[in-house]
Amino acid sequence: MFWMLSARFLIENAIYYTGGGFALWKGGRAERLVAAALLIENTISILIQTAHPATGPRYLTLSMDVAVLLVILYVAFSTNRRWALLASALQILSMLTYVARIIDPTVGSWAYLTIDIGISFILMATVVYGAIMHMRRCPRVAT
């Protein structure tokens, strides 16, 4: 549990939640929907890791990733947001890290965590980009 209170953990989550908050505040319906799904998933993941620390793959986290992928795919196919296509590809890559860990348990935990954390930040940056593009398209709505 000590690692949960590390400075790196706090900074990473501050950046992540700030990006999500920006997308919720300034984004359109699509950006708010995906940002909310990502923030809910991240919050539940933190609670799971705090309550049940484990080193192996987390099937509940994988199922949450599937739910977030479905939300992103809904946005990608029902709107004209190009960032959602990139976000869905990133979410699939994130899910593949879990599948790789399930198939081959010898996948190092550092490689596993680095890919998972890196992709999640790029994914949130993609949603923030979508919110910025929404602000430029609809300045009156986004203020």
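The values are calculated or read from the model by the stated rules, or taken from the named source; none is laboratory data. Everything numeric here is computed off the predicted structure, so don't read it as measured data. Note: ideal-geometry Cβ built from the backbone for every residue, glycine included; neighbour counts use all protein chains shown.
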Item to complete: Output the number of residues of segment 77-89 satisfying the condition of being buried (at least 21 other Cβ atoms within 10 Å of the Cβ) and among the aliphatic types (A, V, I, L, M).
Response: 2
Worksheet item: For segment 112-143, how many residues are free of Cβ contacts under 8 Å to residues at least 24 places away in the same chain and under 21 Å from Leu10 (Cα atoms)?
Response: 6
Worksheet item: Only one of (1) surrounded by fewer than 16 Cβ atoms within 10 Å (Cβ to Cβ); (2) modelled with pLDDT under 80; (3) under 23 Å from Leu93 (Cα atoms); (4) not charged (D, E, K, R) fails for Phe9. Which number is that?
Response: (2)
Worksheet, complete the sentence: In segment 64-93, anything in contact with a Leu (Cβ under 7 Å, 6 or more places away or on another chain) and hydroxyl-bearing (Ser, Thr, Tyr) is listed as Ser88
Practice prompt. Tell me, please, whether a residue that is within 17 Å of Glu12 (Cβ to Cβ), assigned to a helix (DSSP H, G or I), in contact (Cβ under 8 Å) with a residue 12 or more places away in the chain and of a type outside the set (Lys, Arg) can be found in segment 64-84.
Written response: no
